[in-house]
Each structure stands twice: as C-alpha cells, then as structure tokens.
Amino acid sequence: DTAVSQTPKYLVTQMGNDKSIKCEQNLGHDTMYWYKQDSKKFLKIMFSYNNKELIINETVPNRFSPKSPDKAHLNLHINSLELGDSAVYFCASSQSGRTDTQYFGPGTRLTVL
Amino acid sequence: AQTVTQSQPEMSVQEAETVTLSCTYDTSESDYYLFWYKQPPSRQMILVIRQEAYKQQNATENRFSVNFQKAAKSFSLKISDSQLGDAAMYFCAYRDRSNTGKLIFGQGTTLQVKP
C-alpha cells in the first residue's frame, strides 16, 4: 500500500526518444508535483497540478509535458530526449491547506545515452 | 525570490553523539513552512521534521529537533544519539503560503555516521 508510487524506477534510453514516467498517489491528496534532481543532487520544482489544473510551470523546456487524468495521477511525458535530461525525477503529493506537507515517490532515474 | 542555503556539504558524527546541520533562508514573507527531508542511498525522500513559521516553539520528533530562529532566518536540525541509519543526505526546504506550494530546497548536507 505504497503512498506515492512511480513507474518505472529506472529508465535507460537513447537520445531523441520519447518516454513517459507515471505517478500515482493513494493518499487522497489534491495536489501533485514533479521535481528534478540533477547530478549534483540539487532538487528543483518542475510542475504542479491542483485538482487536475496546472498551477506551477517552471522554466522547463516544452519537450516536457505533464498530464493529470485525475487527482490521483500525474504523468510526465518527455519528447526528443537529450543528454541533459538525465536525472532523477520525483513525484510528490500533498493536500492543500495549512499543513500541506509533501510526500515523495521513490524517484525515477532517467539515463539518456 | 526565496532562497535556501546549506553551507555544510558534508558532516560526520560518531555513533551516539549529537550533530547539528545548518540551514539559512531568505524570504520577505512572514508566514511560511520549513522542512527537513532525509535522502538515504535508496534515494527515497523522507520527511524528518516540519516547522510552521508562526509557531515560536521549536518542532521535535523523537531524536530530531530544530532550532528555528525567525529573525535570523535560520533553521538548524539537531540529531541526538546518532544512529548508523541516520547516514544520508539531508535537505532543508522552504515553502510559502501561496497556492503554488512549491518547495525550495537547499543544496543538501551529506551526513556520515561513524561506528
């Protein structure tokens, strides 16, 4: 009964390919996020959805497209993968309100060759 | 823009001893949240402790406590009776009360626990 799950955990692909990462949460939260952790371990927000509505879209290349089919799911699709996209991608969720602590998924390590 | 700074890239502590990890932040907001997350080698991000800025009392969770100095914009994490399982990278994070709710992270501190 994992709270926030991501698939796949590891993804190795060639430059130029298109890939997707899926995220699901069973916490009943209304907000979901994508963060990117680079090779220096720095974590930065990419996107956030609240009740399926996009509320954060940081300066991310438009090759990255999030999709939220419902409150429990937030997927990340990446087109034309580049070497610099290699990173760990974390999904997180929270319930909006005063104490909306974010809970993270296990991360997806993406390696672009 | 808000920023979070962790000035200690690496720290080490002897098992059973106490260690303090530093974090400073910059914001013009008066109401916000601060967090410490732990990332062990498994890479899972685990919430350690949370502090709400409007609360003057320092948060405590078992062996973990914080020293929150709002005026100095400082938020340090104290780990008492360090255990081998505490070895990990620790991230300080800030969140304001806007609708975006995004976390702004520090650079992280790698904690080594020596037996």
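Data table
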| item | result |
| --- | --- |
| Table column - 3J(HN,Hα) (Hz), the range A:29-39, Karplus curve with 6.51, -1.76, 1.60, x for Gly and Pro | 6, 10, 10, 10, 9, 10, 10, 10, 10, 7, 5 |
| ³J(HN,Hα), Karplus 6.51/-1.76/1.60, whole Hz, each residue of the range A:102-113, x for Gly, Pro | 8, 10, 9, x, x, x, 10, 8, 9, 10, 10, 9 |
| DSSP-loop trypsin sites (Lys or Arg not before Pro) across the range A:29-80, with at most 12 other Cβ within 10 angstrom | A:Lys40 |
| Amide H partners (placed H, <5 Å) of B:Thr5, local residues excluded | B:Thr24, B:Tyr25 |
| Within the range A:31-79, chymotrypsin sites (Phe, Trp or Tyr not before Pro) in DSSP loop having at most 15 other beta-carbon neighbours inside 10 Å | A:Phe42 |
| Pair A:Glu58, B:Ala1: separation of 7 Å Cα→Cβ label points (nm) | 0.9 nm |
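Laboratory data are not the source of any read-out in this text; all were calculated from the coordinates shown. Please read these numbers as outputs of a predicted model, since none were measured by experiment. Cβ sites come from the backbone with ideal geometry, for glycine too, and all protein chains shown count toward neighbours.
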